[in-house]
Amino acid sequence: MKSLNVKCSRPYDVFIGKNLIDSIGDVVSENRRKCRALVLTDETVRDLYYARALRSLKSCGVEAVPCVLLPGEASKSFESYNKVIGVLTEQEFSRQDVVVSLGGGVVGDVAGFAASTYMRGIGLFQVPTTLLAMVDASVGGKNGINSEKGKNLIGTIYQPESVLCDTELLKTLPDEIFRDGLAEVIKCGVIRDARLFAALENEDPRLRNEDVIYRCVEIKRNIVQEDETDKNIRHLLNFGHTYGHAVEKLSGYTIRHGHAVMIGMILMARAARNMKLCREDCVPRLKNIARKYGLPVSTSFRADELTAAVMADKKRGTELLELVMPLTIGYAEIVPIRLDRLDMLTAAALNEQSDETQD
Ligand code: GLY
């Protein structure tokens, strides 16, 4: 087992190893005399792992109360949030009690938002069950739900007390969902670790997923420690997400997050190359790695559609748009551009996409 400590407003450990789900009871009950845990999960994960989590909690004297969502992005909603708050209030949870998130990014986001707002904040433990949630969503405290007007528009930054990444849980993950998480791993390589990227080009990350998850969490930990409240350097973690969120939204969320982020990373690398900021090899290496892992390399959405979706998703009140651009594989920077340049940058990146496809 490996572990890292995240030193932020509330320091906590991230544990990475096999069968850690069987330790959730010990981790929750440590430093607590008696408590109850609302275990938030979805139907798929409930059928696979709820019984094990329950056994561990029970053996440590923690009473578990289940709350089950439908799988999928549509559950990042007011309805899900209300459902969780409804259970917490009906069961008269107190500030001594906790929320355990047992699931992927969607469950983790709803769990975090509910835990951070119920009675102004109760304990939160993350047991991520997808690669994406292990390497990104469960660490750093961001949570939220979607509104009609945009993704993650409502949420807080609220750190968990511990994160348990059980690598054995990845064995039941459908291939498509595993690949979705690989896009976030690729992102970590592009923004901060050329060696990680090269390893992904040459090896199969499944063979040493503990090391890969550790390195991604370490990269994220270092960034979050510098900018927990997401004011500047943390924006680097959004590489590929500007166009990625647009693609997700335009597809009505039928294109998965990681798949959309992969498209977004390639488009943004093209935009960076067109601004003469990025080395020539970035785009071909990104496309090759996407193909290697069965991730998409292009989108059929038009430039005006993408630009409009980016503008709708943009943080309010600024005249500049901050784009995360790779300068080379292993190093990215935040580049502010004037909003009126976005349309041209997007159109140029999409034009090249069709030229490259014809090649
Ligand atoms: N997922 C990006 C962040 O936590 O900042």
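Put +1 on the Cβ of every Lys and Arg and -1 on every Asp and Glu Cβ in the chain; which of LEU20, VAL110, SER162 then has its Cα farthest towards the positive end of the dipole?
About the Cα centre, the residue reaching furthest to the positive side is SER162.
Treating only the Cβ of Lys, Arg, Asp and Glu as charged (+1, +1, -1, -1), what charge dipole size does the chain show about its Cα centre? Round to the nearest 20 debye.
640
For helix 342-358, what angle does its Cα long axis make with the longest principal axis of the chain, in degrees from 0 to 90 and rounded to 10?
80
Can you tell me the length gained on complete extension of the stretch GLU79 to GLN225, counting 0.36 nm per residue apart and subtracting the Cα distance?
Residue separation times 0.36 nm, minus the Cα-Cα distance, leaves 49.3 nm.
Looking at the square roots a ≥ b ≥ c of the eigenvalues of the Cα gyration tensor of the chain, which shape do they give, rounded for a/c under 1.5, prolate if a/b is larger than b/c, or oblate?
In terms of gyration-tensor shape, prolate.
Using only the Cα atoms of segment 1-93, what do you get for the radius of gyration and for Dmax, in Å?
14.7, 38
Which of rounded, prolate or oblate describes segment 191-243 when judged by the alpha-carbon gyration tensor and an a/c cut-off of 1.5?
Taking the square roots of the gyration eigenvalues as a ≥ b ≥ c, segment 191-243 is prolate.
Using alpha carbon coordinates only, what is the Rg to Rh ratio of segment 221-359, with Rh defined as the Kirkwood radius?
0.94
Provide the packing ranking of 253-262, 2-11, i.e. peptides ordered by the mean count of other C-beta atoms within 10 Å per residue, highest first.
Highest to lowest by the protection proxy: 253-262, 2-11.
For helix 282-292, report the angle its Cα long axis makes with the longest principal axis of the Cα atoms of the chain; keep it between 0 and 90° and round to the nearest 10°.
Helix 282-292 sits at roughly 50 degrees to that axis.
For segment 49-206, I need the span (max minus min coordinate) of the C-alpha atoms along each principal axis, in Å, sorted largest to smallest.
Reported extents, whole Å, longest axis first: 53, 42, 25.
Order these peptides, 38-49, 342-353, by their mean beta-carbon neighbour count within 10 angstrom, highest first.
Going by the mean number of other Cβ atoms within 10 Å, highest first, we get 38-49, 342-353.
Which Cα, out of MET265, ALA199, VAL39, lies furthest along the positive dipole direction of the chain (beta carbon charges, K/R +1, D/E -1)?
Of the candidates, VAL39 comes out farthest on the positive side.
How far is the Cα center of segment 238-290 from the Cα center of segment 24-89, in Å?
Their Cα centres are 35 Å away from one another.
Given the Cα-Cα distance of ASP343 and ARG120 and 0.36 nm per residue of separation, how much length would full extension add, in nm?
Additional length available on full extension: 76.1 nm.
Readers should treat all values here as calculations from the given coordinates under stated rules, not as data from a laboratory. What you are looking at is a predicted structure, and each value in this text was computed from that prediction instead of being measured. Heads up, the Cβs are rebuilt from the backbone with ideal geometry, glycines too, and the neighbour counts pull from every protein chain shown.
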